[in-house]
Amino acid sequence: MSRSYTSVDEAIRVMFPETLAMTEEEAAREAAERILAPFRGGHAQAPPAPTLGAVVRAQRQAAGLTLRELAERCGMTATELGGIERGVSSPPAAVLATVFSQINNAHREVPRG
C-alpha cells in the first residue's frame with residue numbers, strides 16, 4: 001500500500017530523514033541530487049535492499065512475536081528460523097509461505113484499541 005503525502009516537502013522528509021535539519025530548499029536540492037546522481041554517472045548508490053532474513057525478522061518483531069513463538073507456529077525450531085533470519089539458510093518457498101502466513105495471522109490477533 002502506497003502512502004499519500006500532503007506536500008513534496010513532506011515526501012522528501014520521509015524518504016530522506018537526514019534532511020530534517022535542512023531548509024526546504026536545501027532538502028529539495030539534496031533529494032534531487034541523490035535521485036538524479038545515478039543517471040549522471042555520479043557515485044550515489046541506493047542503500048542495499050534488505051535481505052529476506054531481515055524482512056522476516058522485521059515482520060516478526062512488528063507482529064510482536066519472539067523467534068521461538070514464530071518457530072513453534074511454523075512447526076520448526078528456533079534454530080531453523082534463526083538461520084533464515086541470519087541469511088545462512090535458504091528455505092523452500094513453502095516454508096516461507098508458512099512463515100509469512102503465521103506472521104500475518106499474528107498481526108490479525110493483535111487487539112485494536
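Every number in this text was worked out from the coordinates using simple rules, so none of it is lab data. Keep in mind that this is a model prediction, so the values were computed, not measured. Ideal geometry is used to build each Cβ from the backbone, glycine not excepted, and the neighbour counts take in all protein chains shown.
Taking 0.36 nm per intervening residue step and subtracting the Cα-Cα distance, what contour gain separates Glu80 from Glu30 on full extension?
13.7 nm
Using a Förster radius of 22 Å, what is the FRET efficiency between Val14 and Val55 based on their Cβ-Cβ separation? Nearest 0.05, please.
On the way: r = 20 Å, r/R0 = 0.90.
Approximately 0.65, to the nearest 0.05.
Can you tell me the convex hull volume per residue for the stretch 52-109, based on C-alpha atoms, in Å³ to the nearest whole number? Numbers along the way, then the final one.
Working: hull volume 3.7 nm³, N = 58.
Normalising the Cα hull of the stretch 52-109 by residue number yields 63 Å³.
Any idea what the relative contact order of the stretch 47-113 is, in percent, if you count C-alpha pairs under 8 Å spaced at least 6 apart? Before the final figure, lay out each step's value.
Values: 48 pairs, mean separation 25.4, N = 67.
It comes to 38 percent, rounded to a whole number.
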